[in-house]
1. Scan the stretch 302-316 residue by residue and report those that are in contact with a helix residue (DSSP H, G or I) (Cβ under 8 Å, 6 or more places away or on another chain) and not in a loop (DSSP other than H, G, I, E, B).
2. How many of the residues in the stretch 204-215 are surrounded by 15 or more Cβ atoms within 10 Å (Cβ to Cβ) and in a loop (DSSP other than H, G, I, E, B)?
3. Which pairs do you get when a residue that is outside the structural domain of P99 (by the TED database), found in the stretch 125-137, comes within reach of a residue that is outside any strand (DSSP E or B) and among the acidic types (D, E), reach meaning Cβ atoms under 8 angstrom, with the pair 6+ apart or on two chains?
4. Considering only the stretch 189-201, state which residues are outside any loop (DSSP other than H, G, I, E, B) and surrounded by 20 or more Cβ atoms within 10 Å (Cβ to Cβ).
5. Looking for something β-branched (V, I, T) and touching a Leu at 6+ places or on another chain (Cβ under 7 Å) - is there at least one such residue anywhere in the stretch 186-199?
6. Looking only at the stretch 245-292, which residues are over 14 Å from L309 (Cβ atoms), at pLDDT 85 or above and not small (G, A, S)?
7. Between a residue in the stretch 48-64 that is over 11 Å from L247 (Cα atoms) and any residue that is among the acidic types (D, E) and within 13 Å of ligand 2 (Cβ to nearest atom), which pairs come within a Cβ distance under 7 Å, given they are 6 or more apart or on different chains?
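The values are calculated or read from the model by the stated rules, or taken from the named source; none is laboratory data. Fair warning: this is a prediction, and the values are worked out from it, not measured in the lab. Using ideal geometry, Cβ is built from the backbone for each residue, glycine included, and neighbour counts are taken over all protein chains shown.
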Amino acid sequence: MGDVMHAVISRPEMRDAVLNFGTVKIPLADYETTGLCCVCVGPRGCGKTNAGQVMVEQLSQQGWCSLIIDPEGEMELMYGQAVQSPGELRERLLARDKPIVVVRAAGADEFVPYGEVILEVADLVRKPLLVMVDEGQLFSGPQLRADSLGEAARILQDFAERGRKRAIDFFVTALRHTGSVSRSLFDSANLTLIGAQRDSRTWSSLAPQFKSVGLSFGDLSSLGAAEFFCTSTRGVEKVRMPMAAALAKVAPKAKPAKRVLPATFSQWDRAMRDMPRQRLAALTDPVVDLLGQIAGVPPAKMDAGRAALLDELASR
Ligand SMILES: Nc1ncnc2c1ncn2[C@@H]1O[C@H](COP(=O)(O)OP(=O)(O)OP(=O)(O)O)[C@@H](O)[C@H]1O
Ligand SMILES: [Mg+2]
């Protein structure tokens, strides 16, 4: 009987779905009978939240309904207002009328009633659902506990283990590989993203996974922002995550550096300090005048520059 059940449970939506992690594309056909359980670990600012957003956006475009459990209140700006109550979450999940739903939960207390709704609806509606839990250490801990943190951790573990049967896929971030979220989440993970590790003490817990493919602590510690070692059914690959579309919209665009010509004596003085004497000596009056005209430097600034040039030459 168990074998029959095993054989019939599959996730047809996985068959043609793909995750695009920049340089690496992960076909989800490999996950058809298991579902996805992704754990993303790395220090503050390494790009964990963005990685989750990338997954949320890509799966929502391929038929999933995605949920973001947002403890920091940074998601509403990008994906619209959070649901106001567990009841509203139930409605959204039953209607599947919003591809990306934000749930605000600052900690385990607030999360538990939402988590219960997610499990309840997943039992009723077996349609692809991605649950992204950001800052997993707020909802799970290394030790089993009897309080709301323990209850939240049990729900997270349920997400991690139920994928195959309930069509829940799961993405969780953690600050560290040890002493952060429950170890059982790592045991269930079938897709891991490991970001820069700066603390060599974490290496001992990661070493078995990485040494076997020839990677050292140095390889992990030199990862840059948005870079991860990704362990999937394909093996271990280095990925550079693209920027999530919603983040790209709100991220301030880097301004191209504007070239400014020196204007005052001290600015000219600084500009010329590192120039070789030969070059400075070539700046005869007619050359300076010509360059000044081409660059459109006003006479007062030309005078400041000329004075600084004479001063510089005299001091060498
Ligand atoms: N692929 C990317 N391309 C460009 N910028 C990125 C990318 N991923 C992340 N960033 C930038 O890096 C910063 C940190 O990213 P993110 O918030 O995802 O990190 P985090 O690991 O979740 O950090 P924290 O632990 O503080 O929540 C963000 O401001 C984001 O704009
Ligand atoms: Mg984050």
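1. Result: M302, A304, G305, R306, A307, A308, L309, D311, E312, L313.
2. Here the count works out to 1.
3. none
4. L191, T192, L193, I194 - these are the residues of the stretch 189-201 that are outside any loop (DSSP other than H, G, I, E, B) and surrounded by 20 or more Cβ atoms within 10 Å (Cβ to Cβ).
5. Yes: the stretch 186-199 contains one or more residues that are β-branched (V, I, T) and touching a Leu at 6+ places or on another chain (Cβ under 7 Å).
6. L247, K249, V250, L290
7. Matching pairs, first to second residue: G52/D134.
Residue-wise test of (1) assigned by the TED database to the domain that holds V41; (2) modelled with pLDDT of 90 or more; (3) more than 13 Å from ligand 1 (Cβ to nearest atom); (4) polar (S, T, N, Q).
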residue	(1), (2), (3), (4)
N190	yes, yes, yes, yes
G195	yes, yes, no, no
R201	yes, no, yes, no
L206	yes, no, yes, no
F210	yes, no, yes, no
F228	yes, yes, no, no
T231	yes, yes, yes, yes
K238	yes, yes, yes, no
P242	yes, yes, no, no
